[in-house]
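As structure tokens, the structure follows; a few thoughts come after it.
The values are calculated or read from the model by the stated rules, or taken from the named source; none is laboratory data. These numbers come from a predicted model, not from an experiment. As a convention, Cβ positions derive from the backbone with ideal geometry for all residues, glycine included, and neighbour counts pool all protein chains shown. Heads up: the accessible areas ignore ligands, DNA and RNA and are worked out on the full protein's heavy atoms, side chains in. Shrake-Rupley method; radii C 1.70, N 1.55, O 1.52, S 1.80 Å.
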Amino acid sequence: MRRELVACGRELQAARPFRGGSFVDDMLRLLAKLTCRIAVIGQVKAGKSTFINGLVRSPGLLPTDVNPWTTAVTHLHFARADAPANIAAEFTFFDSNEWERLARGGGHIRELTERLVPGFEPELLQKHVDAMRRRSEERLGNTLRTLLGKKHSFPSITKEVLERYVCSGLPSSGTEHKGIYSDVVKSADLYFTSNDFGFPTTIIDTPGTNDPFLVRDEITRRALESADIYIVVLTARQALSSADVALLRILRGLHKERIAVFINRIDELGDFVQDVPAIMKHVQSGLRREFPTSEIPVVVGSALWAEIAIRGGGPDADRALTPKLEAYARLLDEASVAPSSPQERIEILFKCSGLSPLCEVLARLTLDSHTGRVLTQISRSFSELARVGQNAASHEVEVLETEGKAGVPLANQGEMELRAVDAEVKENERLTITLQSLITDLQIRTDQLIDDQCNKMVEILRDVVQGFSEVECENLRNAVVEGHRGRVWRSDSTLLRQSLEEEFIKSYREAEQEIAKLESHVFPKLKQLLGRYRPDWRAIDNSGSATGSDELPLLSPLSKVVALDLGEPWWKHWWTRNRNAESQIVELDGIIRREFYPIVDELAESARSNLKVRQTTTLQEANMVFMGLVELLKEQSRARLERTRALITSGAASSSPEMQRTRDARTAELKNQINKMEVLVRRLESIEQAWAEKIG
Ligand SMILES: Nc1nc2c(ncn2[C@@H]2O[C@H](COP(=O)(O)OP(=O)(O)O)[C@@H](O)[C@H]2O)c(=O)[nH]1
Ligand SMILES: [Mg+2]
């Protein structure tokens, strides 16, 4: 679909009326940059890396030997237009502060974790980080200092390189190279020029959750915020354990709704035909319980089978292809027959691996994600442009035909025509000015609206902070009255963060709606105006008002660690420093405001920038549609003027054979253009139709 869109865009670009139209260029650039980010998450050893190797058809690419110390998050980039030149693999090392930050934790995700993940122990995490740091110091000695905060890059991806940076390597085995840097690598970026995904895609491989080594857990959870789509890999034999449920709850806490579940390792089950449907049912009902409002697709399979099938069979395939597997294949597809050729055996294995249905699920989720919405928008804009082009050309053909018929040789016909063209040009100018002022006016008004809404947002959120502070000061007062000597009372900002998030999302959605309302007043006016000049153009449907519920702004400001989060030692210090109860209360209030007002401001800023992007897109589109029309009108007047001038200088009548030949040539050209646009419109319609069918 994306390829077809790009092709249509190129055709539009080449079509005469739009030459130099920067809008199509912009859209094509946007199409090239658009990347879908898919994170593969789940417990350690669920088979995430193996699954990715199958998904990208490269068995053995990502190391799958399990090492409790590897923490790197690996990004596999496919056909990214913004990939760095001559780099196929790039490894980024932690910097020294990051160890510390990791242990202290990013507020929002950390807070969700503490709330939702049973048994999360921050102190233990700190110990692990320390152990990790010590180990790296021992292994790398003085080189460690030169590595931290740096990157290493390579022009090609080799097994050796990957092993050195992201692979296990036993801590004290003599092997010099394997896994030597793996402790200190924060992220690995692998760039591939090939692309089977149809558009730029980044697959994110995470170390996994529920690891005895907590740092991996923490890193995995930190990688969660940045993806469009999540594939949660479960192990069939322990599908949807409490750790899996905790992970899903975190996703929900982050407002991530595009999730697919892959139940892996079904090859380990005793009886596929019986067990698979039962596990499927168990997982589906668990998901319905956890996510009652959304339908999360579930696919079952085996990354192992996928890998064997992709490698092309061999003894592994023979081992896997048991009568039970054949029975399972028949369960999936009644038409399935006992395989006779090696090729058929591979096909059966691949079918049972579940990779194909998972790809379909992914495709559907992509359409429904941010990426999909941008694609739909571009597709709609392109069809509009094509229709505008078509209308404009048809109109000009009509004019040419009338000119031909009206051709009585009148001496002053040229002069009359000149006056008519002149009037038309003046009218076009007036139209341009009116349209321009309407669009400018819309811009000014949305600017104002965004300002107002964001200011209002700051006020609302500050009120939330203030309300929290009042409650906490009261709690402090009570703690003092009760005598806090035994235990140190401290303020917990969890509830505050929750209400801030809630209010923030509410007022952001409201702002979106207000802007949409404003646009829905202005756009019909623009259309009406054009309709007055050219009745046949009234049919044009502009998509100016972007559909609501776009992606939310980043919630990461909420993740900031504030003084209140600093834990026991900080609070002890605070208590001993402040002896007077009243001054303590004043100070607590001061701290809460000082720490949270900037967070409120940051949230409002992130809302503002999101709304601004939205506004720019809408205005650009309006400009394209409406000003584009005016440009076409002007173009037509110019052509008419030229013909009139030719008429006057040649002294010939408009019905003269010579003039008729010029008109015929132009008509042929226009008709060709009309046909081209017609084809384009149909191509774009079929994209949209295929789309609608997929989304269902
Ligand atoms: N039997 C079986 N083993 C698998 C499957 N997928 C992965 N494994 C194995 O499980 C181990 C851990 O896999 P890996 O992909 O590294 O798991 P990760 O920690 O989730 O990335 C490896 O030895 C894999 O070969 C599967 O579908 N079936
Ligand atoms: Mg892995």
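Odds and ends about this structure:
- Members of the stretch 22-53 that are part of a helix (DSSP H, G or I) and within 13 Å of ligand 2 (Cβ to nearest atom): Lys48, Ser49, Thr50, Phe51, Ile52, Asn53
- Which listed residue, of Arg252, Arg265, is within 16 Å of ligand 2 (Cβ to nearest atom), touching a helix residue (DSSP H, G or I) at 6+ places or on another chain (Cβ under 9 Å) and of a type outside the set (Gly, Ala, Ser): Arg265
- Residue within the stretch 88-99 that is under 30 Å from Gly301 (Cβ atoms), in contact with a strand residue (DSSP E or B) (Cβ under 7 Å, 6 or more places away or on another chain), in a loop (DSSP other than H, G, I, E, B) and modelled with pLDDT of 90 or more present: yes
- Note on the stretch 253-271: residues that are within 19 Å of the chain's Cα centre (by Cα) and over 15 Å from Ala39 (Cβ atoms) total 1.
- From the options Val458, Val480, Val421, Val425, residue that is within 22 Å of His573 (Cβ to Cβ), in contact (Cβ under 8 Å) with a residue 60 or more places away in the chain and among the aliphatic types (A, V, I, L, M): Val480
- Of all residues in the stretch 37-59 being out of contact with any Asp or Glu (no Cβ under 6 Å at 6 or more places or on another chain) and open to solvent by 30 Å² or more (accessible area, probe 1.4 Å), the one that is nearest to ligand 1 (Cβ to nearest atom): Lys45
- Scanning the stretch 472-526 for residues that are assigned to a helix (DSSP H, G or I) and open to solvent by 80 Å² or more (accessible area, probe 1.4 Å) returns Glu474, Arg477, Val481, Glu482, Leu495, Glu502, Lys506, Gln513, Lys517, His521, Lys525.
- Answer from Ala81, Ala32, Ala14, Ala46 - the residue that is at pLDDT below 85 and either more than 24 Å from the chain's Cα centre (by Cα) or of a type in the set (Phe, Trp, Tyr) (or both): Ala14
- Filter result for Thr371 (touching a strand residue (DSSP E or B) at 6+ places or on another chain (Cβ under 8 Å) and part of a helix (DSSP H, G or I)): yes
- Check on Thr220, modelled with pLDDT under 80 and among the hydroxyl-bearing types (Ser, Thr, Tyr): yes
- Close pairs (7 angstrom Cβ cut-off, 6 or more residues apart or separate chains): under 21 Å from Val613 (Cβ atoms) and of a type in the set (Gly, Ala, Ser) in the stretch 355-372, at pLDDT 85 or above and open to solvent by 40 Å² or more (accessible area, probe 1.4 Å) anywhere: Ser369/Arg258
- Listing of helices (runs of 4 or more DSSP H) fully contained in the stretch 248-321 that carry 1 or more residues being under 15 Å from Leu355 (Cα atoms): 303-311
- Residue satisfying condition, being free of Cβ contacts under 8 Å to residues at least 60 places away in the same chain and closer than 30 Å to Phe468 by Cα, within set Glu582, Glu658, Glu693: Glu582
- A residue that is modelled with pLDDT under 75 and loosely packed, with under 14 Cβ neighbours inside 10 Å cannot be found anywhere in the stretch 179-190.
- So Arg682, is it touching a residue at least 40 places away in the same chain (Cβ under 8 Å) and part of a helix (DSSP H, G or I): no
- Test: residue in the stretch 646-660 that is in a helix (DSSP H, G or I), modelled with pLDDT under 80 and among the polar types (S, T, N, Q): yes
- Qualifying residues in the stretch 126-152 (those that are within 31 Å of the chain's Cα centre (by Cα) and open to solvent by less than 60 Å² (accessible area, probe 1.4 Å)) - the one modelled with the lowest pLDDT: Leu148
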